[in-house]
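S.K.: Got a structure for you, questions after.
The values are calculated or read from the model by the stated rules, or taken from the named source; none is laboratory data. Since the model is a prediction, treat every value here as computed from it, not as a measurement. Here the Cβ positions follow ideal geometry from the backbone for every residue, glycine too, while neighbour counts run over all protein chains shown.
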Amino acid sequence: MIKLTYGGFSHGEGFYGVLEDIPFGLELDINEIDRLLEERQFGVGRSERQKTERDKIKFLSGVIDGKTVGSPLAFSINNKVKDRVKFSVPRPGHADLSGATKNGMLQNENVDFSLVSEVASGRATAIIVAAGAICLQILKLLNIQITHKALKIAGIDYDDKDAIEKFIAGLKLLGDTAGGAAQVIVSGLKTGVGSYSQLKNRLDGKLAGAIMSVPSVKAVEIGSGKEYELLLGSECADEIYLDANGKIKRTTNNCGGIEGGVSTGEDIIIRLSIKPLPSVMRGVKSVDFNTGKRAGLEKLRTDVCAVESVACVAKAVVAIEVLGQVLYQYNSDTIEKLIRSYNE
């Protein structure tokens with residue numbers, strides 16, 4: 001199984017990660033990891049900070065001469081922007097108030113919600129993307145591909161780039177934000193990955209849980225998802241047949257590549273809904289916990305829209321979960337043995 005532990009601060013030295021159970025002998029493509037990190041940073045509506053940061057992975061252990069050696073991978077991503085800003089007005093929709101309440105901070109004389117936001121910041125997803133990029137390289141060796149794309153931004157079709165850019169530019173002037181929808185597709189995963197006997201090991205449950213853990217994601221659908229509400233059983237059944245070569249096929253893929261918690265061999269299709277970012281300057285009120293008075297939100301660096309970035313992070317967590325399940329079922333200490341075991 002894959003285990004990722006990470007930490008760091010949004011405006012501290014940076015973030016670190018420890019990724020366990022990566023097999024021996026993986027030849028890492030550092031440039032590919034950095035490319036995905038760069039993709040996470042940019043997109044329509046992203047903040048000015050992204051022009052300053054240049055995320056690059058640095059391996060601290062677990063890699064010798066460009067190859068994994070079977071021990072935990074320790075790696076880091078440094079920050080260039082390190083000017084932490086203290087603030088006493090919590091932002092609705094962020095972890096500020098709930099985190100401060102959890103930690104007993106509201107009893108303090110001077111409340112500083114940055115003690116929560118530094119840890120809960122979406123910038124922490126950089127380390128998640130780095131870990132996912134490592135997992136993607138192993139999955140590629142197994143002929144498993146994971147792709148992602150934005151579908152809509154504020155209800156506007158993602159292919160209509162001009163309309164989206166104009167809309168986001170207007171929101172920036174207004175001090176408002178936008179959400180949207182995105183998709184992750186897993187292709188090439190063989191039939192039988194996952195479990196039908198234990199709820200905790202169902203593949204759809206693991207994938208949905210992983211994506212729901214991504215900041216700003218508020219809904220997940222697999223396959224036909226919400227459309228099932230309107231369909232009869234006879235309309236959504238993925239009929240089974242044998243092709244001319246005796247290979248098992250389906251007439252449709254309404255189940256989104258997972259039946260009973262187990263992969264069917266068809267594409268796993270995941271759709272996610274992404275809420276607008278909650279750092280809104282336009283008409284949103286809160287309370288200043290150092291004065292007890294009603295207050296507007298303090299101006300902090302924030303994105304207007306991060307749908308493309310969230311889609312990239314979603315791909316990374318899916319890669320981690322899929323590889324974790326593959327390693328659990330086809331347990332191998334080395335990359336060569338894993339490839340052989342998976343393909344038997």
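S.K.: If ILE127 satisfies all but one of (1) under 26 Å from ALA182 (Cβ atoms); (2) in a helix (DSSP H, G or I); (3) out of contact with any strand residue (DSSP E or B) (no Cβ under 6 Å at 6 or more places or on another chain); (4) at pLDDT 95 or above, what's the number of the condition it fails?
M.R.: (3)
S.K.: In region 24-46, what residues are surrounded by 19 or more Cβ atoms within 10 Å (Cβ to Cβ) and touching a Lys or Arg at 6+ places or on another chain (Cβ under 9 Å)?
M.R.: LEU26, LEU28, ILE33, LEU36, LEU37, GLN41, VAL44, GLY45
S.K.: Among the candidates THR101, THR177, THR147, single out the residue that is more than 30 Å from GLN325 (Cα to Cα), out of contact with any Phe, Trp or Tyr (no Cβ under 9 Å at 6 or more places or on another chain), polar (S, T, N, Q) and not in a helix (DSSP H, G or I).
M.R.: THR177
S.K.: Out of region 237-252, which residues are outside any strand (DSSP E or B) and loosely packed, with under 10 Cβ neighbours inside 10 Å?
M.R.: GLU239, ASP243, ALA244, ASN245, GLY246, LYS247
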